[in-house]
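The values are calculated or read from the model by the stated rules, or taken from the named source; none is laboratory data. Bear in mind that the values here come from a model prediction, so they are computed numbers and not experimental data. Note: ideal-geometry Cβ built from the backbone for every residue, glycine included; neighbour counts use all protein chains shown. Calculation scope for accessible area: heavy atoms of the full protein, side chains included, ligands and nucleic acids excluded. Shrake-Rupley method; radii C 1.70, N 1.55, O 1.52, S 1.80 Å.
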Amino acid sequence: MVIANGTEDERAFREEVFRHLEALAKFNPSGVLTSVEINSFEHRGRQIRLIFQSGIRKLQGIAAALTFRTTFTPPSKPPPYVDLTDNDGMIHYKYRGTDPGHSDNRALRMAMDERLPLAYFIGIRRGLYLPMYPMYILQEIAAQHEFIVGFSEALSLFNAYSTYKEELQRGYIDRITQARLHQPVFRARVLHAYETSCAICRLRHPKLLDAAHIIPDGNVRGDPVVPNGLSLCKIHHAAYDNNFVGITPDGVVDVQERFMKETDGQMLLHGIQKVAGIKILLPRERAAKPDKDRLAERYEEFKRAS
Ligand SMILES: [Zn+2]
């Protein structure tokens, strides 16, 4: 396959890669894809692997990187990109090695110079990735051996990234990174641990499931690790967040007394009253199970709310 670097053909080819990922996502409402699915991409009848062992995918004829990835971390550890963020809302992607002239680093630099879109694959578990695209290499910080990566929304902002309105832009980019990167990765990791089921009612429709924090985001112990998460359906997520429903440190569902006395429709009866006293569904993997200390801390809050 020959596509000359930096041409319209190359941009069209990249669009083709994104359409392939988009089509796969339609059949995977959880948004997580296997490396086999990702690598099933075909261009002019030829299969082209998009995920590559080294991390950076380059193609013959194209000097700029096409895809890049980060590998997964165990459920109890922060997601893989955490060491790639620097509290500035930007994604910092480390060089391969320390040599700026390494072919992988050159390939990323080329994508930056040509302002070419890339696909970023974030490892959720072995062989499972959450794809993000189009992503852009915005800037190189040679002294730190890294590139700054961002979503397309950051592309225009980043050009003007300077002391002018800097704080405003930083906040905006922060929110984008939170909504488009941190939340989806936390959700994907938690849902995977619970085999895409609500821990309370066992509902198995990914579109109706969320990853709830046990200790809320922003608190000291509210880190986005799987043991601080629960896979819950929309109703049970809202009920848990509002302390209508609580979960004991041993994983038993508790319901506020006033809800138990109320008479209303089917949702209250089956969704709330009848789940009182049931054991929540737990991940099979020990490291993914909800942390008892966090559950206890949160359960105290539930009791105070009654
Ligand atoms: Zn539920």
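Annotations
- Report note on the peptides 140-147, 205-212: ranked by the mean count of other C-beta atoms within 10 Å, highest first, their order is 205-212, 140-147.
- Spin-label pair Lys26-Asp241: with each label point 7 Å from Cα along the Cα-Cβ axis, the two points sit 3.0 nm from one another.
- Of all aspartates and glutamates in the structure, those lying under 14 Å Cα to Cα from Lys289, and not within fewer than 8 positions of it along the same chain, are Glu195, Asp250.
- Under the combined filter of DSSP loop state and at most 11 neighbouring Cβ atoms within 10 Å, the stretch 25-125 retains none of its GluC sites (Glu not before Pro).
- Solvent-accessible area per residue in the chain equals 49 Å², computed with a 1.4 angstrom probe and all protein chains kept.
- Across the cross-link table entries Lys26/Lys274; Lys58/Lys207; Lys26/Lys207; Lys77/Lys234; Lys279/Lys303; Lys94/Lys207, which are compared at the Cα atoms, the separations over 22 Å belong to Lys26/Lys274; Lys58/Lys207; Lys77/Lys234; Lys94/Lys207.
- Accessible-area composition of the chain, carbon plus sulfur, in percent [1.4 Å probe]: 52
- Gain upon complete extension [Ser76, Glu301; 0.36 nm per residue less C-alpha separation]: 78.7 nm
- Among the GluC sites (Glu not before Pro) in the stretch 211-306, those located in a DSSP loop and surrounded by at most 15 other Cβ atoms within 10 Å of their own Cβ are Glu262, Glu285.
- Close amide H contacts of Asp254 (hydrogens built in the peptide plane, cut-off under 5 Å, sequence separation of 5 or more or a different chain): Gly246, Ile247, Thr248, Gly277.
- Convex hull (Cα only) mean projected area of the chain, reported in nm² to one decimal: 18.1
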